[in-house]
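The values are calculated or read from the model by the stated rules, or taken from the named source; none is laboratory data. In this text the structure is predicted, and so the values were computed from the model without any measurement. Please note: Cβ atoms are built from the backbone with ideal geometry, for glycine as well, and neighbour counts cover all protein chains shown. Accessible surface areas use protein heavy atoms only, side chains included; no ligands, DNA or RNA. Shrake-Rupley method; radii C 1.70, N 1.55, O 1.52, S 1.80 Å.
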Amino acid sequence: MNQALFGTDLSFEDIIDSPFAWSQQAIVGTQDIDRFPCQILESKPGGHTSSYASVKTWVDPRRMVPLQIEKYDSAGKVVRRINITRMLLDGGDSLPADLEVSGPRGSVTHITGSSIKRGLNFPETEFTADGLKELKTPTE
């Protein structure tokens with residue numbers, strides 16, 4: 001689960017797991033991210049299996065979107081940081097479009113979601129560990 005997804009700084013676990021569904025959630029502070037006031041949500045896995053001991057998410061409560069995510073190991077060290085660098089407006093909703101992912105090896109991956117589409121249906125099997133292993137990256 002900790003393997004790099006298509007050579008990026010995201011892991012399979014980062015795609016499949018949802019810290020927002022973990023049993024332990026707490027607002028632990030506030031901080032501005034790019035001039036947007038955010039609440040910091042700390043998530044801990046509790047009984048859930050995860051390679052992360054905790055995840056902090058800086059959420060813009062006005063737009064209800066995360067602007068930054070930090071994932072920590074058991075020693076409290078940041079293992080992965082995800083910054084949202086561009087938002088798209090879709091009707092009245094804000095959608096994260098571009099990400100900057102800092103990985104555990106000190107590298108950075110920029111992910112561009114230039115053609116985001118909503119309302120698409122995907123089989124649940126595509127979001128399992130086996131399903132993600134079968135995905136192919138598009139050829140140019």
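Considering only THR85, THR49, THR30, give the residue with the highest GNM mean-square fluctuation for the chain, with springs between Cα atoms whenever their separation is below 10 Å.
It is THR49.
With the other protein chains left in place, how much accessible area per residue, in square angstrom, belongs to the chain at a 1.4 angstrom probe?
On a per-residue basis, 64 Å².
Could you check which residue among VAL28, VAL65, VAL55 shows the biggest mean-square fluctuation in a GNM of the chain with a 10 Å Cα cutoff?
Evaluated over the chain, the most mobile residue of the options is VAL28.
Rounded to the nearest Å, what's the spacing between the alpha carbon centres of segment 51-120 and segment 17-41? Just the number, please.
12
Return the calculated 222 nm mean residue ellipticity for the chain, to the nearest 500 deg cm²/dmol, obtained by summing -39500 (n - 2.57) across DSSP H runs with n ≥ 4 and dividing by the residue count.
Result for the chain: -1500 deg cm²/dmol, rounded to the nearest 500.
Considering the chain as a Gaussian network with a 10 Å cut-off on Cα pairs, which listed residue, GLU126, GLU42, GLU100, attains the greatest mean-square fluctuation?
Looking only at GLU126, GLU42, GLU100, the largest GNM fluctuation is found for GLU126.
What's the FRET efficiency of SER51 with ARG86 using the Cβ-Cβ distance as r and R₀ = 30 Å, to the nearest 0.05? Each step should come with its number before you reach the end.
Details: r = 28 Å, r/R0 = 0.94.
Result of the calculation: an efficiency of 0.60.
Relative to the Cα centre, what is the charge dipole magnitude of the chain, using +1 at the beta carbon of each Lys and Arg, -1 at the beta carbon of each Asp and Glu, and rounding to the nearest 20 debye?
Roughly 280 debye for the chain.
Among the chymotrypsin sites (Phe, Trp or Tyr not before Pro) within segment 1-101, which fall in a DSSP loop and have no more than 16 other Cβ atoms within 10 Å of their own Cβ?
PHE6
Within the chain, what's the longest run with no trypsin sites (Lys or Arg not before Pro) in a DSSP loop and at most 12 other beta-carbon atoms within 10 Å? Give the range, please. It would help to have the intermediate numbers written out before the result.
Working: sites that count: ARG35, ARG62, LYS77, ARG105, LYS117, ARG118, LYS136.
Result, exposed sites excluded: 1-34.
Between ARG63 and GLN24, what FRET efficiency follows from the Cβ-Cβ distance if R0 is 25 Å, with the result rounded to 0.05?
0.50
Taking all protein chains as present, what is the carbon and sulfur share of the accessible area of segment 1-103, in % to the nearest whole number, probe 1.4 Å?
About 51 percent, which is the carbon plus sulfur part of the accessible surface.
Compute the FRET efficiency between SER74 and GLU134 as 1/(1 + (r/R0)^6), taking r as their Cβ-Cβ distance and R0 = 30 Å, and round to the nearest 0.05.
With R0 = 30 Å, the Cβ-Cβ based efficiency is 0.45.
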